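The structure appears right after this line, and notes come after that.
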Amino acid sequence: MKTAASPTSWSLSACIFAALVLVFSAFYIQLSLLGSILALLLLFALGARASFKTLMLLPRFFSQQRLACSGRLALLLASWLALWYLPSSDFAAHVDAGLFHNHYKNEVMQVQNQSPDNCGQTLACYADGGQPPYVFFPYPLHFSFSGQRGVLYVPESAQVPQQERLNKISGAMTCQPLPLREHFFSCAMTAYGG
C-alpha cells in the first residue's frame, strides 16, 4: 500500500505538472482570456500539490535515495521556471507559426486576391494596403493593457519589416528582428492606425 507521499505518486504528479506547463506555454496565445486564467489556476494547483509532495519526500534526499530525489526536485524546479519564463518568451509564437503556417498563408492569399481593405472586415487580420501587402494576424488572447500581439506576414522573405509599412497597420507596432518562419515575424501593436 502506497502512502500519500510515495515516490510513485510524487513522480506522476511532477510529470503531469511538467507536461501541462509545456502544453500551456505552447498554446496559451490561442486561448481566450477566461481559458488562460482557468488553465493557470489549474497549473498552480497541480504545481502546489507536486511541491507539497516534494516537501514530504525531502527526508529521503538525505538517505541513500539521493539521486532519484535530485532528479525529481530538478524536474519540479524546471517546471516552475518554465511556467514563469516560457509564456513571456517567443516559444508560443514559434509553436503558433509552425502549427498555423498553412492557415496564415491561405489567409494571405485571400487578402492578396481580394482588396486588402477587407482584411479587418472578413478575416481576423490587418493589412497595410501595399502590394504585396503586409498582413498582421492577432492572437486570440488579448490583454488590452499590454497591446495586441500576433504574427506578421512580410512578402519579402529575407527582409526585416519596414517601419513605415508597419505604421500603416498600427500607429505603434514593433517586430522581433528574427523571423519565426520564412515571411512570418512576431510583432506587437499598442495602437490602431491605417
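The values are calculated or read from the model by the stated rules, or taken from the named source; none is laboratory data. Here the structure is a predicted model, which means the values were calculated and not measured. Neighbour counts run over all protein chains shown; Cβ positions are idealised from the backbone, glycine included.
Assess whether Leu166 counts as being at pLDDT 80 or above, part of a helix (DSSP H, G or I) and of a type outside the set (Lys, Arg). Spell out the reasoning first.
Details: at pLDDT 80 or above: yes; part of a helix (DSSP H, G or I): yes; of a type outside the set (Lys, Arg): yes.
So Leu166 passes the test.
What is the residue count in segment 81-99 for residues that are buried (at least 16 other Cβ atoms within 10 Å of the Cβ) and either aromatic (Phe, Trp, Tyr) or more than 12 Å from Phe27 (Cα to Cα) (or both)?
Total meeting the criteria: 3.
Does segment 88-105 contain any residue that is part of a loop (DSSP other than H, G, I, E, B) and either more than 18 Å from the chain's Cα centre (by Cα) or at pLDDT 85 or above (or both)?
Checked segment 88-105: at least one residue is part of a loop (DSSP other than H, G, I, E, B) and either more than 18 Å from the chain's Cα centre (by Cα) or at pLDDT 85 or above (or both).
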